[in-house]
Amino acid sequence: MSADIEPLPRRAWLAVALLWFVACLNYLDRLILITMRTSIKASITMTDAQFGLLTTVFLVTYGLLSPLGGFFADKVNRSRVIIFSLFAWSAVTWLTAHATSFPELLLYRSLMGISEACYFPAAAALLMDYHRNATRSLANGIHLSGVMVGSALGGLGGWIADQQDWTFVFEFFGIMGMLYSLVLLALLRDRPAEPARPGQTVAAPPRVRLGEALASLFSQRSFILALIFWGLLGVASWAIAGWLPTYLHEQFALTQGRAGLTALGYVYSSSLVGMVAGGLWADRWSLRAVRGRVWVGVIGCLVAVPGVLLLANMPVLGLVLTGMVIYGFARPFPDANMTPILAQIVDRRYLATGVGVINTFAVMAGGLTIYAGGALRDAHVNISNVFNFGAGVLVLCALLLWLINPRDHPANTPS
């Protein structure tokens, strides 16, 4: 029976549902900080560049350790890596509420990067283990739609901080994550091994070594293109998302809470729809053409560009909101398809490591972009220029993605 029509394992969609909530918490915990800028700066003295550095140190730490997190997920039980990561970053979220100085905040954001580094490589690989070609992008897109919901809910941080105190936000969501890790401990499992056919000898799984994994990944031209593409996509994404609440607050005189809810709510609610739509469309297209997922990603990058130009250059709030919706809907198309594309071009034994490696470039590039944005703010550079730069990078991303040649890696094809 072909992989396209092979029945899915019993827990395939349960894994998607369980991980949806983890992805939601993952991005909520990392983004609530940027929506509470005013409240945090009123409590702990820092410059705009230092505030940007809080996000930068998280992203750089997270990025540096993502390949090791992915390798760890390839080498040991993926579901247990996910559970440990969730519990650890939730505990750090709770600790952040008790910071009293900028160095303490910086330390906790570093620990957040360390504790989150294992999650996405392990989760992406686990879903690709459970799902075959006909449902891979949809499963990945639904999982990542949790990111969109978590990102949108992150806007609640500024609103809650306006009503109570910024520390309450970190305490509440930290405790919630630690409790949910117990739910995963009871329900989340790795995909069971395929039963042996009559007369067939089941070989022991090969040992996974980091050097061999990296050598295999970087021997693929398409993987190198994916690496550069994902890094530049991180630059574009963080250049826009990292400063959108501040832009709305200053350009249209919105309060901190309303600016955060508007920025994250409009973009990420439309992204929720776009993530699932892009995954479903790509799954259907890929059944007819091996490059179907690539084309969906290219289209998403190009359609997002006019949305960015609208939000960056229009003086009317209604047009800016329209641009945010266009950008939010189209931008997730490549996200829904990146891991399924990687599953076509790399050895599946090293898939989590591959996800970790490309995440390194994306988050480190994004982190440097956030810090550069803060430095530019201190130099009184208009945020609109940062957004326009992001639009240009999206065009380059579309070209790089178009050059990727997806195919089934020989090691993934049964002999």
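Observations on the structure shown:
- Yes/no for Asn405 being in a loop (DSSP other than H, G, I, E, B), polar (S, T, N, Q) and surrounded by fewer than 24 Cβ atoms within 10 Å (Cβ to Cβ): yes
- Looking at Tyr62, Tyr108, just one residue is more than 18 Å from the chain's Cα centre (by Cα), hydroxyl-bearing (Ser, Thr, Tyr) and buried (at least 19 other Cβ atoms within 10 Å of the Cβ), and that residue is Tyr108.
- Within this structure, Trp13 fails the test of being modelled with pLDDT of 85 or more, in contact with a His (Cβ under 7 Å, 6 or more places away or on another chain) and not aliphatic (A, V, I, L, M).
- Residues satisfying the stated conditions in segment 231-262, i.e. assigned to a loop (DSSP other than H, G, I, E, B) and in contact (Cβ under 8 Å) with a residue 60 or more places away in the chain: Gly242, Trp243, Phe252, Thr255
- Residues in segment 322-343 include at least one that is part of a helix (DSSP H, G or I), more than 18 Å from Ala124 (Cα to Cα), over 20 Å from the mean Cα position of the chain (by Cα) and not β-branched (Val, Ile, Thr).
- Within the set Arg189, Arg109, the sole residue that is modelled with pLDDT of 90 or more, in contact with a helix residue (DSSP H, G or I) (Cβ under 7 Å, 6 or more places away or on another chain) and not in a helix (DSSP H, G or I) turns out to be Arg189.
- Residue within segment 49-66 that is among the hydrophobic types (A, V, I, L, M, F, W, C) and more than 23 Å from Gly242 (Cβ to Cβ) present: no
- Every condition in (1) under 22 Å from Gly52 (Cα atoms); (2) assigned to a loop (DSSP other than H, G, I, E, B) is met by Val267 except one, and the failing one is (2).
- Whether a residue is touching a Phe, Trp or Tyr at 6+ places or on another chain (Cβ under 7 Å), more than 17 Å from Tyr27 (Cα to Cα) and hydroxyl-bearing (Ser, Thr, Tyr) was assessed, and Ser216 passes this test.
- Search result, residues across segment 254-308 that are farther than 23 Å from Leu244 by Cα, in contact with a helix residue (DSSP H, G or I) (Cβ under 6 Å, 6 or more places away or on another chain) and small (Gly, Ala, Ser): Gly278, Gly279, Ala282, Ser286, Gly292, Gly297
- The listed residues are Leu264, Leu280, and the only one of them that is more than 19 Å from Ser66 (Cβ to Cβ) and surrounded by fewer than 24 Cβ atoms within 10 Å (Cβ to Cβ) turns out to be Leu280.
- Considering Ala236, Ala226, the condition of being modelled with pLDDT of 85 or more, touching a Lys or Arg at 6+ places or on another chain (Cβ under 9 Å) and crowded, with 24+ Cβ neighbours inside 10 Å is satisfied by Ala236 alone.
- Scope segment 381-396; condition of a type in the set (A, V, I, L, M), under 14 Å from Leu233 (Cβ atoms) and surrounded by 15 or more Cβ atoms within 10 Å (Cβ to Cβ); matching residues: Ala391, Val393, Leu394, Leu396
The values are calculated or read from the model by the stated rules, or taken from the named source; none is laboratory data. Since the model is a prediction, treat every value here as computed from it, not as a measurement. Cβ atoms come from the backbone with ideal geometry, glycine included; neighbour counts cover every protein chain shown.
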